[in-house]
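The structure under discussion appears below in the form of structure tokens.
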Amino acid sequence: MHKSLRITGLTLLTTLLLIIGALAGGCASSQNNSGSAGQAKEQAGEPYQLGAVIDISGNSSSLGVPERDTLLMLVEKLNRAGGINGHPVELTILDNKSEETEAVLAVKKLIEKDVLAVLGCSSSGPSMAMVNIVQNAKVPMVSMAAASSIVEPVSERQWVFKTAQSDIVTVKKIITYLKAQGLTRVAFLSMNNTYGDGGKAAFTAAAEENGIEIVVEEKFEASDKDMTPQLTKVKASGAQAAVVWAIPPSASIITKNFRDMGLSIPLIHSHGVGNQKFIELAQGAAEGVILPIGKLAVASQIPDSDPQKKVLESYIADYQAKYNTLPNSFGGYAWDAFNLVVAAIEKAGPDRAAIRDELEKNTSGFVGISGVFNMSPADHNGLGVDSMVLVEVKDGKWQLLE
């Protein structure tokens, strides 16, 4: 009996020693191979985490859906090519439902996920709602919305950048057109939100500087189904042209109301209508609408010497091959945001502060879909008037005016 117990005890002891030895060997091997947890991640090619907050549903979905589709296409293409410096990219896309509160909740989730950078939002209000969050967390953010206030003042937006042309840039293009046509009395109509307010502020300042009188100002909600009351005031105002600052569907509705009322003065929109959805929802009423827009919409009409030509054609071919439809300006904003961040990570590595610095200091001459970017410590958008062209809707398509 004692012999049996002795054998059992020895067997147990031997087993424990073998287990301890194996564990010690494994730890030693792990330490010898990696040295540190961070080095182990680098050697293993651990995925780089990126996040996007996009208006996939809600009033701004016509902007967010092509942005989502573009990002999915780009991350797939990037990973097929080996990722960023051998690291695959994992992109988490969250829907903010075109609401500011949802945008805040979404960006907080992404920050908790330890993403290297945040892309979004599609529209100005939700983008603005995320600014303080990313500023406090010191996470680089690249918005795809237009309001200048998203990145200005830069002293309070050190971690925030954007790829859509600013409302100030768009306004300059419109003012130039109005002056060239001798139109000095203008009606201004805008959405009652951050995007509309930004456009109104920029247009009001530029109009005053250029001797253009705003004879009537009207607002409408993004969810409004009829803007006839506002347009009735426009009709009675003696305005020589009407400028509308909105996105679909409200931009399409007011355009249809405009035609139904028999208004024949020039109708000028902002680049917020730069997708085919605007034309479709207007049901023929968009014919003759004039607006400034990025060159993507008229890529086939710009000269081969344009530095953006090949980039635009490549994006169009990729998008059409994957989705069997043409991309639009909003998808282009996503293309720019993604590729700017990828280029920054390639140089900076997985370091948020270094990525921020790269975006701010080393994007000079970056040829994108929305223009040639020249960001700097004083300019977190980096696009000028030359990034836009004037177009007119003819036969349901965009026609270059210049």
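The values are calculated or read from the model by the stated rules, or taken from the named source; none is laboratory data. Quantities reported herein were computed from a predicted structural model and do not represent experimental measurements. Don't worry about glycine lacking a Cβ; one is built from the backbone with ideal geometry, like all the others, and counts go over all protein chains shown.
See the values below:
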item: Given (1) closer than 20 Å to Leu340 by Cβ; (2) in contact with an Asp or Glu (Cβ under 8 Å, 6 or more places away or on another chain); (3) among the hydrophobic types (A, V, I, L, M, F, W, C), index of the condition Val139 fails; result: (2)
item: Filter pass, Ser376 being touching a strand residue (DSSP E or B) at 6+ places or on another chain (Cβ under 8 Å) and of a type in the set (S, T, N, Q); result: no
item: Set Ala137, Ala81, Ala146, Ala129: member being in contact (Cβ under 8 Å) with a residue 40 or more places away in the chain and outside the structural domain of His271 (by TED's automatic domain parsing); result: Ala146
item: Residue match in the range 201-219 (condition: buried (at least 22 other Cβ atoms within 10 Å of the Cβ) and within 21 Å of Ser127 (Cβ to Cβ)); result: yes
item: Count of the range 58-103 residues which are in contact with a Ser or Thr (Cβ under 7 Å, 6 or more places away or on another chain) and in a loop (DSSP other than H, G, I, E, B); result: 5
item: Filter result (surrounded by fewer than 18 Cβ atoms within 10 Å (Cβ to Cβ) and on the phi < 0 side of the Ramachandran plot) within the range 70-99; result: Leu72, Glu76, Lys77, Leu78, Asn79, Arg80, Ala81, Pro88, Glu90, Thr92
item: Residue list for the range 74-112, restricted to those being polar (S, T, N, Q) and in contact with a helix residue (DSSP H, G or I) (Cβ under 9 Å, 6 or more places away or on another chain); result: Asn85, Thr92, Asn96, Ser98, Thr101
item: Yes/no for Leu383 being over 19 Å from the mean Cα position of the chain (by Cα), closer than 17 Å to Gly294 by Cα and in contact (Cβ under 8 Å) with a residue 40 or more places away in the chain; result: no
item: Condition check for Ala236: assigned by TED's automatic domain parsing to the domain that holds Asp55, more than 18 Å from Gln165 (Cα to Cα) and out of contact with any helix residue (DSSP H, G or I) (no Cβ under 8 Å at 6 or more places or on another chain); result: no
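Listed here are the residues, each with its yes/no results for (1) farther than 17 Å from Ser387 by Cα; (2) in contact with a helix residue (DSSP H, G or I) (Cβ under 7 Å, 6 or more places away or on another chain).
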site: Gly262; (1), (2): yes, no
site: Ile265; (1), (2): yes, no
site: Ile268; (1), (2): yes, yes
site: Val273; (1), (2): no, yes
site: Gln308; (1), (2): no, yes
site: Gln320; (1), (2): yes, no
site: Gly331; (1), (2): no, yes
site: Trp335; (1), (2): no, yes
site: Phe338; (1), (2): yes, yes
